Every structure is written in structure tokens, then in C-alpha cells.
Amino acid sequence: MDQDTARRLYEAMLLTRLAEERLVKLFRQGHTLGSVYRSLGQEATACATALALGPDDVIAPLIRNLGSMFVRGVTPREVFLQYLGRATGPTGGREHNNHFGSVARGIIAPTSMLGALIPVMAGVALSFRQKGERRVAMTWIGDGGSSTGAFYEGLNFAVVQKLPLIVVGESNGFAFSTPPERQMAGRMSQRSQGAFTLTVDGNDATAVYEAAAQARQRCLEGKGPAFLVCETFRRSGHAEHDDQRYVDPAAVAEWAAKDPLPRFEAWMVLRGWTVDPSLAGRLEAKLMAAADTALEAPWPDPGTLMQGLHSN
Ligand SMILES: Cc1ncc(C[n+]2csc(CCOP(=O)(O)OP(=O)(O)O)c2C)c(N)n1
Ligand SMILES: [Mg+2]
């Protein structure tokens, strides 16, 4: 990883951390219309994977992958407008978390139906190959989501067809309150169905980036899909309405000591690549301004409720 990429990666992870902290404040003040699903401690698995892609590649994030959307150019302003349900937000106030896409930036909108995006992205990868385009499709799935039928159907199809698809598995210790050993036999990496599989420390941003870059290269060489399992930990509740009393505080503390941000910063410092000390302050100011804009933005006109719907 070169210095410029490292700087961009650190900034993306820090922006994700701070943006989600701002969202939590907006939630506690009663401004968000739904709950807030954080990626605290998992920022590397969203940001480093997306950053290893090329500009023409396409991603389909899940709710815990806001960082990948920032990497692709989504702005905090758009995110806050969306969470606050305002008319000028990406879905015009129709949806209240990161469930919005952007064709121009190669983002297929996240959906709640876990696993469903894997066959969708296998289809995207198939279209790249049919058109002879050197592009890759990437999506993410949690340990819980990897128990869906759609996960198996989509990944199996990609393996059989040797499609340029990268599935990032986020093994983060829980699916809501259920630990993996209560809902899956074996390890997440054993669910690869013949896809090229790498298991990495998901809190090591460098390792995640290198693994994603390797997976992408294999895809571009026509060697078929990759399943990149990132071992990490969900350090906050499933969402802000969940106090995660079922999680051992010692495990949270153990993983806090492996936080991806200071770890990556230390890795940069070893190379003499210092992080600009004003970065966090500048990002905070930008986030405050974006939140203020969202708070002042207009509500949707109820008369537009039926717009954008399919009807017979
Ligand atoms: C097909 C499907 N089944 C159940 C749910 C309800 N649900 C939403 S999030 C969640 C837990 C997901 O856990 P995991 O896939 O491990 O992701 P994480 O929240 O840990 O990032 C569940 C069961 C859903 N959204 N989709
Ligand atoms: Mg999980």
C-alpha cells in the first residue's frame, strides 16, 4: 500500500467512526427516524475492502458498511439527510438509514433481506463478463447472513460460472444476540463452496486491504470469485436500541485493545507517514455542518408519497 492510499484509508475509517458517533447523538436527541447501526471496531472491513477496488467496480454494502459508501464518494450530508428522513435526502425521506444506492458511484442500494445481495451481485459480475468488461463486483455478509439460502445460491453460482465476485464475510461474534456457535456448524470460512478463500484479521486494515487487492486481481484474471473472511468484533449493540447486555464486557475490552484505527495509525507512523493532527477536527467540523444542514432541511411533502412506486 502506498502512502496516498494509506492516508485515504485512515481518513475513510476515521470519517466512518466520527459520522456514526454523530448519528448516535442525533438518535439520542430523537432526530433519526429509525435506529442507528454502527460499525464500531469494524471500520477496516468496510473501508479497506472498498478502497482496494477500481473506480469502475460495483459494490453492494450492508448496513454495517457505511464506510464503503464513504470510500465511493457518498457524503455525510447525504447520510444525515437520509437518517433524518428529509425531502432533499437520497430517497426523499422514504427510508431512514443507509439503504440508498448511487449508480454514478457504482453502489447498489443495501437491503434488509440478508443474503439477497449475493445473487444480485453474482448477476452484476455475470454482466461484466458477458460484456467483456474488466470489472469486479463486491458485497458483504455477516456470520448470521451467511446462514441464508441466498448466500449459498449466489456464491455457488459465482463459483460454477467463475464470476468476478468478492464476498466479504464479516465474522463479528454475533448475529443480533446469537453467537456463531449457536447457529452455524464450523467456521465461516468453511462456507466458501470452492471459492478462493482468505481469512484475515479484520481489525488489521493493511491485511484486509492486501487480501482484497489479491482477491480483485484473481477476479480480473478470470480465476473466479473470492470469499474474504474478516475476523472482527461488533463492539456496540446490534443497533442503538440494543444495550448488548448479553455480551461479555471483557470481550469488548479485549477487542477495543485491537481497535483498527490506532493500529493502522501505528503502522503508518512506523513508515514515517504521520497522520495530520488536524484531521479529526476538520472532519468533526464537516460533520457538524452536515448535521446542521440536515436538521434544517425540509420534510417530504405527503402528496409525493406515491411517487416512484410501480402500479398496475
Ligand atoms: C433474511 C433475513 N433474516 C433475518 C433478518 C433479521 N436480521 C436483521 S440483522 C440480523 C442479524 C445479522 O447478523 P449478521 O449477519 O451476523 O450481521 P451483523 O449484524 O453482525 O453485522 C437479523 C437476524 C434479516 N434482515 N434478513
Ligand atoms: Mg455478525
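Values quoted throughout were computed directly from the atomic coordinates according to the rules given, and no laboratory measurement underlies them. Just so it is clear, the structure is predicted and the values come from calculations on it, not from any experiment. Neighbour counts are summed over all protein chains in view; Cβ atoms, including those assigned to glycine, are modelled from backbone coordinates with ideal geometry.
Enumerate the whole-percent occupancy of each 10 Å bin, from 0 to the last occupied one, for all C-alpha pair distances of the stretch 104-242.
Histogramming the stretch 104-242 at 10 Å steps yields 12, 43, 35, 9, 1 percent.
Running a GNM on the chain with Cα contacts under 10 Å, which residue among ALA44, ALA290, ALA226 ends up with the highest mean-square fluctuation?
Maximum fluctuation in the GNM of the chain, among the listed residues, is at ALA290.
Roughly how many nanometres apart are two label points built 7 Å out from the Cα toward the Cβ at ARG28 and THR88?
2.7 nm
Run lengths n ≥ 4 of DSSP H only: what is the helix-derived mean residue ellipticity at 222 nm for the chain, with -39500 (n - 2.57) per run over all residues, to the nearest 500?
Per the formula, -13000 deg cm²/dmol.
What pairs in LYS25/LYS258; LYS223/LYS258; LYS25/LYS286 have C-alpha atoms more than 23 Å from each other?
Among LYS25/LYS258; LYS223/LYS258; LYS25/LYS286, the Cα-Cα distance tops 23 Å for LYS25/LYS258; LYS223/LYS258.
With a bin width of 10 angstrom, please list the P(r) values of the stretch 187-312 as percents of all Cα-Cα pairs, from the 0 bin to the one holding the largest distance.
In order of increasing distance, the bins hold 10, 20, 26, 25, 17, 2, 0 percent.
How much length is gained on full extension from ARG8 to GLN307, taking 0.36 nm per residue of separation minus their Cα-Cα distance?
103.8 nm
Could you work out how much longer the chain between GLN217 and TYR152 gets when fully extended? Use 0.36 nm per residue separation minus the Cα distance between them, nm to one decimal.
Full extension from GLN217 to TYR152 adds 21.1 nm.
Which shape class, rounded, prolate or oblate, goes with the stretch 241-286 when its Cα gyration tensor gives a ≥ b ≥ c as root eigenvalues, a/c under 1.5 marks rounded, and past that a/b bigger than b/c marks prolate?
It comes out oblate by the Cα gyration axes.
In the chain, which longest range has no chymotrypsin sites (Phe, Trp or Tyr not before Pro) that are both DSSP loop (not H, G, I, E or B) and surrounded by at most 14 other Cβ atoms within 10 Å?
Free of exposed loop sites, the longest segment is 1-175.
Sort ILE63, ILE108 so the one with the fewest other Cβ atoms within 10 Å of its own Cβ comes first.
Ordered by Cβ neighbours within 10 Å, fewest first: ILE108, ILE63.
Could you check which residue among ALA251, ALA212, ALA125 shows the biggest mean-square fluctuation in a GNM of the chain with a 10 Å Cα cutoff?
ALA251
What number do you get for the stretch 1-86 when its Cα radius of gyration is normalised by 2.2 N^0.38 Å, N = residues?
My calculation over the Cα atoms of the stretch 1-86 gives 1.10.
So between THR178 and THR75, what do we pick up on full extension, going 0.36 nm a residue minus the alpha carbon distance?
33.8 nm
By Kyte-Doolittle mean hydropathy of at least -1.0 and Cα axial length of at least 30 Å, which whole DSSP H helices of the chain are selected?
Helices meeting the criterion: 3-28.
Could you tell me, in Å, what Rg and Dmax come out for the Cα atoms of the stretch 55-181?
Using the Cα atoms of the stretch 55-181, the pair Rg, Dmax is 15.1, 44 Å.
If you add up the charges near SER127, with Lys and Arg at +1 and Asp and Glu at -1, over every other residue whose beta carbon is less than 10 angstrom from its beta carbon, what do you get?
Residues close to SER127 contribute a combined charge of +2.
Long-range amide H contacts for THR32: which residues qualify at under 5 Å (H placed 1.01 Å from N, peptide plane, sequence gap of 5 or more or a different chain)?
Sorted by chain and number, the residues that satisfy this are PHE27.
P(r) of the stretch 3-298 in 10 Å steps, Cα pairs, percent per bin?
With a bin width of 10 Å, the distribution comes to 7, 29, 36, 23, 5, 0.
Normalising by the residue count of the chain, find the relative contact order in percent from Cα pairs under 8 Å and 6+ residues apart.
23 percent
Go through VAL79, LEU261, GLY173 and say which Cα lies farthest out towards the positive end of the charge dipole of the stretch 3-298; charges sit on Cβ, +1 for Lys and Arg, -1 for Asp and Glu.
Working it through, the farthest residue towards the positive pole turns out to be VAL79.
Neighbour counts of other C-beta atoms within 10 Å: give me GLU231, GLU170, GLU43 arranged from fewest to most.
GLU231, GLU170, GLU43
Treating the beta-carbon of each Lys and Arg as +1 and of each Asp and Glu as -1, no other charges, what is the dipole magnitude of the stretch 3-298 about its Cα centre, to the nearest 20 debye?
600 debye
Rounded to the nearest 0.05, what FRET efficiency is calculated for ARG105 and ALA185 with R0 set to 30 Å and r the Cβ-Cβ distance?
That pair, ARG105 with ALA185, gives E of 0.20.
Please report the antiparallel percentage of DSSP beta bridges with both residues in the stretch 62-194, rounded to the nearest 5.
Here the antiparallel bridges make up roughly 25 percent for the stretch 62-194.
How much of the DSSP bridge set in the stretch 3-298 is antiparallel, in percent, rounded to the nearest 5?
Restricted to the stretch 3-298, the bridges split so that about 10 percent are antiparallel.
Taking the Cα centre of the stretch 64-111 as the origin, how large is its charge dipole in debye, to the nearest 20, when only Lys and Arg (+1) and Asp and Glu (-1) carry charge on their Cβ atoms?
Result for the stretch 64-111 is approximately 60 debye, rounded to the nearest 20.
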